Amino acid sequence: MSAASTHSALSPPSRVLLGPGPSLVHPRVLQAMTAPIISHLDPIFLSIMDEIQERLRWLFHTSNPFTIAISGTGSAAMEAAVVNLIEPGDTVIVGVNGVFGGRLAQMIERCGGTALRLEFPWGHIIPPEAIEHALNRHHPIKAVALVHAETSTGAWQPLEDIGPLCHAHDALLLVDAVTSLGGMPVKVDEWGIDACYSATQKCLSCPPGLAPLTFSERAMAAIANRKTPCQSWYLDSSLLAAYWSERTRTYHHTAPISMAYALREALQIIYEEGLSPRYARHRRNQQALVAGLNVLGFRLLPSPEQALPSLTCVSLPTGWDDKSLRRLLLEEFNIDIGGGLGPLAGQVWRIGLMGESSRLEHVLHLLGALEVLAHRLGLSQHRQGDALQAALSTYTHPPSYPGNSTHTSCHS
Ligand SMILES: *Cc1c(COP(=O)(O)O)cnc(C)c1O
């Protein structure tokens, strides 16, 4: 028998994706990906790139001309930010309170830079005073690098006051907004962020494969003043700018055409919902989730006021076995959530309510599944239904559901 005749049709299940990404993708976005492929230099494709840039500026709250989508996932945009700004001899202050701060520090060192790690316990933020103290002690500092939404711990790093602090010390501010962009405000211009990146598969609810990136004029000037060429050819912002710029449009690499269609549609859906309603929806559903989890004995890792709307990291109550319960959630209830990374492996769960995944019905689905499992396995003394009721009680108004179709863009 030939391999072809035994090959079964592709049929991945429609999981309820409530992990740290990828998030659920709207059917309109999947539909967009089936459109015909055109050339990456076709005038129609170039106008799609313009539309993506314009919408990304809107989402990042910026007027930065250099606002593009890197071909690759969030780590590629992280690498693009680091490799363009940092060269041998540069010193960077890096907030490390989870996996992604650590990854940033490693990338900085691979570029020949020195990473001054400001280490704080996982689940905590990097206090602005600690950043100020480090800026006062070391000179010169090329940049301060911070993770806005630390997906490994669910901690929400405040950024409002950091930009002016960095600029007073002639340092750039580099921000990882992978799990925040599209789920909570990321105000690049107002907060004085010089380099900011994200990814499509978290709060933008698009498949993984593109990664938004924006550089301020200050960042562009630092790049123009480099002593050495950017060590990455693929991620060199000057070469990328020549392709993304309306004036030049020089071929650099072949853009992932279908992913650009998907991102354009995902951004359109966000635009139709509006930013304030979208941020409020993420916050509301997270509060409902946390209220229900509390009933079951889970505890938030970060303090409640520092907890992200898009990613809830909770410690497991005693007696709950991480792996076997996540397997039951997946196999019996079709729900995918994330376990802990590094030192938190086996200790915590990471529940993502990002973009399309952030809906009350998903919160209730997960809590209902956990109530059933808790009862079956004798893990909790609570009355069945209490966790669902606690979640529902956080809504001051009865939650509204989007019509009778899943194809609308305004979700509860
Ligand atoms: C997911 C994530 C990344 C990496 O993104 P990939 O798309 O997995 O490469 C970087 N930073 C943070 C904070 C993330 O959550």
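Only one of these conditions is not met by Ser71: (1) within 16 Å of the ligand (Cβ to nearest atom); (2) open to solvent by less than 20 Å² (accessible area, probe 1.4 Å); (3) touching a Leu at 6+ places or on another chain (Cβ under 8 Å). Which number is it?
So Ser71 meets the others, but not (2).
Would you tally the residues in the stretch 227-261 being within 24 Å of Val175 (Cα to Cα), assigned to a loop (DSSP other than H, G, I, E, B) and open to solvent by 40 Å² or more (accessible area, probe 1.4 Å)?
Adding up the residues that qualify gives 6.
Give the stretch 74-99 a look and list any residue that's buried (at least 24 other Cβ atoms within 10 Å of the Cβ) and under 19 Å from the mean Cα position of the chain (by Cα), or say none.
Answer for the stretch 74-99, where residues must be buried (at least 24 other Cβ atoms within 10 Å of the Cβ) and under 19 Å from the mean Cα position of the chain (by Cα): Gly74, Ala77, Met78, Ala80, Ala81, Val82, Val94, Gly95, Asn97, Gly98.
Consider Pro36 carefully, then state whether it is within 16 Å of Ser258 (Cβ to Cβ), within 16 Å of the ligand (Cβ to nearest atom) and open to solvent by 50 Å² or more (accessible area, probe 1.4 Å).
No; evaluated as a whole, the condition is false for this residue.
Just one of (1) among the aliphatic types (A, V, I, L, M); (2) away from the ligand (no atom under 16 Å from the Cβ); (3) more than 18 Å from Glu217 (Cα to Cα) trips up Leu165, so point out which.
Condition (3) is where Leu165 drops out.
Taking into account only those residues within the stretch 133-162 that are under 29 Å from Pro343 (Cα atoms) and assigned to a loop (DSSP other than H, G, I, E, B), which is nearest to the ligand (Cβ to nearest atom)?
Going through the qualifying residues, I end up with Thr151.
Please tell me if Phe66 is away from the ligand (no atom under 16 Å from the Cβ), aromatic (Phe, Trp, Tyr), touching a Ser or Thr at 6+ places or on another chain (Cβ under 9 Å) and modelled with pLDDT of 95 or more.
Yes: the conditions hold for Phe66.
Read through the list (1) closer than 19 Å to Leu24 by Cβ; (2) in contact with a strand residue (DSSP E or B) (Cβ under 9 Å, 6 or more places away or on another chain), then give the number of the only condition that Leu344 fails.
Failed condition: (1).
Can you tell me how many residues within the stretch 164-209 are within 23 Å of Pro20 (Cα to Cα) and in a loop (DSSP other than H, G, I, E, B)?
Of the residues in the stretch 164-209, 21 are within 23 Å of Pro20 (Cα to Cα) and in a loop (DSSP other than H, G, I, E, B).
Yes/no per residue for (1) under 23 Å from Ala307 (Cα atoms); (2) surrounded by fewer than 24 Cβ atoms within 10 Å (Cβ to Cβ); (3) touching a residue at least 12 places away in the same chain (Cβ under 8 Å):
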{"position": "Met107", "(1), (2), (3)": "no, yes, yes"}
{"position": "Arg117", "(1), (2), (3)": "yes, yes, yes"}
{"position": "Gly123", "(1), (2), (3)": "yes, yes, yes"}
{"position": "Lys142", "(1), (2), (3)": "no, yes, yes"}
{"position": "Val147", "(1), (2), (3)": "yes, no, yes"}
{"position": "Trp156", "(1), (2), (3)": "yes, yes, yes"}
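Failed condition for Gly102, given (1) within 30 Å of His40 (Cβ to Cβ); (2) within 16 Å of the ligand (Cβ to nearest atom); (3) open to solvent by 10 Å² or more (accessible area, probe 1.4 Å); (4) over 15 Å from the mean Cα position of the chain (by Cα), with all others met?
(1) is the only condition that Gly102 fails.
Could you list, in sequence order, the residues of the stretch 43-94 that are touching a strand residue (DSSP E or B) at 6+ places or on another chain (Cβ under 7 Å), part of a helix (DSSP H, G or I) and among the polar types (S, T, N, Q)?
Hit for the stretch 43-94 is Gln53, nothing else.
Hey, Pro20 hits all of (1) open to solvent by 70 Å² or more (accessible area, probe 1.4 Å); (2) under 30 Å from Asp194 (Cβ atoms); (3) assigned to a loop (DSSP other than H, G, I, E, B) but one; which does it fall short on?
(1)
For the stretch 242-290, which positions are closer than 16 Å to Ser180 by Cα and without any contact (Cβ under 8 Å) to a residue 12 or more places away in the chain?
Answer for the stretch 242-290, where residues must be closer than 16 Å to Ser180 by Cα and without any contact (Cβ under 8 Å) to a residue 12 or more places away in the chain: Gly274, Ser276, Ala280.
Which of (1) touching a helix residue (DSSP H, G or I) at 6+ places or on another chain (Cβ under 7 Å); (2) over 20 Å from Arg103 (Cβ atoms); (3) of a type outside the set (Lys, Arg) is the odd one out, the single condition Ser315 does not satisfy?
Condition not satisfied by Ser315: (1).
The values are calculated or read from the model by the stated rules, or taken from the named source; none is laboratory data. Quick caveat: nothing in here was measured; it's all calculated off a predicted structure. Every residue, glycine among them, receives a Cβ derived from its backbone with ideal geometry; neighbour counts consider all protein chains shown. Surface accessibility is based on the protein's heavy atoms, side chains included, excluding ligands, DNA and RNA. Shrake-Rupley method; radii C 1.70, N 1.55, O 1.52, S 1.80 Å.
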